[in-house]
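Below is one structure, written out as structure tokens; comments come after it.
Nothing in this text is a laboratory measurement; each read-out follows from the coordinates by a stated rule. All values reported here derive from a predicted model rather than from experimental measurement.
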Amino acid sequence: IVEGEFDCLSLAVEGFQNVVALGGDTITSEQIEVIKNNNFEKIFLFLDIEANNKNVSNIQRNIYKILEVNQSLFIVDFELNENEQKQDAESLLKQYGKDKIKEAFENSNIYFNYLFKKLIKRSTVSGP
């Protein structure tokens, strides 16, 4: 699941299969019904996080809505350097290429593992 139609088309042209676009940053009840009525083995969420993080609350709501109907949600987190801003899937594909995007999908984590890794990364707890 990507945010925009151009993200979806760009990934599909490069051979990524079963890519769908939200058509914005909020998932609809109709889209949730499609997820609920299909037994998807894995759902990959690859959404834009804007530089100012203003859409993070929408992304969180999307995640919770999906998790209510399917627990197999994986987060595609494209690691950028500190000075780079988050971009959409289409821009990342153009900038880094198909192989790097494929690697991001392969290295994605199920949502709860993703959260745990983010917490560990932010933690300042030192070992013994």
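Looking at this model, which pairs from Lys42/Lys100; Lys36/Lys117; Lys65/Lys118 are more than 23 angstrom apart at the alpha-carbon? Among Lys42/Lys100; Lys36/Lys117; Lys65/Lys118, the Cα-Cα distance tops 23 Å for Lys36/Lys117. Summarising the amide proton neighbourhood of Phe44: residues at separation of 5 or more, or on other chains, whose placed amide H is nearer than 5 Å comprise Phe74.
Look at the Cα gyration tensor of the stretch 1-71: its axes a ≥ b ≥ c give a/c of at least 1.5 with a/b at or below b/c, and that counts as oblate. Note that the stretch 60-69 has calculated 3J(HN,Hα) couplings of 4, 4, 4, 4, 5, 5, 5, 4, 5, 10 Hz, one per residue in order, obtained from phi through the Karplus relation 6.51 cos²θ - 1.76 cosθ + 1.60 (θ = phi - 60°); glycine and proline are x.
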